[in-house]
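The values are calculated or read from the model by the stated rules, or taken from the named source; none is laboratory data. It should be emphasised that the depicted structure is a prediction, and the values quoted were computed from it without experimental measurement. Ideal geometry is used to build each Cβ from the backbone, glycine not excepted, and the neighbour counts take in all protein chains shown.
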Amino acid sequence: MDPERFGVLYDRFVERVYHKCVSMAGDKEIAKDLVHDIFLKTFANLSKFDHRSKFGTWLYRITYNYCLDHLRTSQRKLAVDVDDDRLESMEDDTDRYEAELLSLRADKLSEVLAALDPADRGVLLMRYQDDLSVKEMMEVLGLGESAVKMRVMRARERALRIYEELIPEGS
């Protein structure tokens with residue numbers, strides 16, 4: 001692809017990539033660096049884009065994974081493994097955790113997101129900020145439906161625990 005055509009793609013997607021980087025990294029300067037690196041990586045790997053999904057979905061996946069790798073490296077945390085033992089009870093807990101998560105005081109939500117593991121933060125932002133469906137999340141994460149649902153449920157559980165630590169009951 002010639003640089004001019006890539007410039008059109010850059011102009012079309014740079015704001016979305018920047019906002020995703022800011023929401024995951026929590027820092028505008030770091031986000032600018034991440035955006036630069038992501039578009040360099042995207043340009044270098046355009047030949048790998050196979051058109052099975054939309055370009056925006058492919059770029060979102062690169063963005064998400066690059067930001068997550070950056071956060072993992074900077075925080076030196078290990079990724080959380082998916083535990084399939086609770087799949088049966090997952091559906092019952094999903095509605096309860098989602099309702100509780102959505103009722104959090106807005107002023108504490110940014111603190112909760114900052115305290116979360118980058119993988120959990122990314123999954124919750126995908127679901128609630130970017131409003132991705134489970135199917136879209138499956139594409140971005142390269143996981144099956146049950147694994148995506150489990151990650152979202154576990155991230156909500158951990159977010160609620162952090163929130164409860166920040167706001168003790170009765171406050």
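For the stretch 114-122, the count of residues that are of a type in the set (D, E), surrounded by 17 or more Cβ atoms within 10 Å (Cβ to Cβ) and over 23 Å from R52 (Cα atoms) is at least one. In this structure, is V148 of a type outside the set (S, T, N, Q), within 22 Å of S110 (Cβ to Cβ) and either in contact (Cβ under 8 Å) with a residue 40 or more places away in the chain or not assigned by TED's automatic domain parsing to the domain that holds M24 (or both)? Criteria not met by V148.
The single residue among K149, K108 that is under 28 Å from I167 (Cα atoms), loosely packed, with under 15 Cβ neighbours inside 10 Å and basic (K, R) turns out to be K108. With respect to (1) within 23 Å of D27 (Cβ to Cβ); (2) not in a helix (DSSP H, G or I), the lone exception for R127 is condition (2). L71 satisfies every condition listed in (1) at pLDDT below 85; (2) in the same structural domain as K149 (by TED's automatic domain parsing) except (2). For the stretch 6-60, name all the residues that are under 18 Å from the mean Cα position of the chain (by Cα) and of a type in the set (A, V, I, L, M). Residues satisfying the conditions are V14, V17, V22, M24, A25, I30, A31, L34, V35, I38, L59.
Kindly list the number of the only condition in (1) in a helix (DSSP H, G or I); (2) touching a Phe, Trp or Tyr at 6+ places or on another chain (Cβ under 9 Å); (3) at pLDDT below 90; (4) not hydrophobic (A, V, I, L, M, F, W, C) that fails for D50. Tallying (1) in a helix (DSSP H, G or I); (2) touching a Phe, Trp or Tyr at 6+ places or on another chain (Cβ under 9 Å); (3) at pLDDT below 90; (4) not hydrophobic (A, V, I, L, M, F, W, C), D50 fails exactly one: (1). Here E169 clears all of (1) at pLDDT 65 or above; (2) in a loop (DSSP other than H, G, I, E, B); (3) farther than 20 Å from M24 by Cβ; (4) not β-branched (V, I, T) except the condition numbered (1). Restricting the stretch 9-54 to residues that are within 18 Å of M126 (Cβ to Cβ) and aromatic (F, W, Y) leaves a set whose member that is surrounded by the fewest Cβ atoms within 10 Å (Cβ to Cβ) is Y18.
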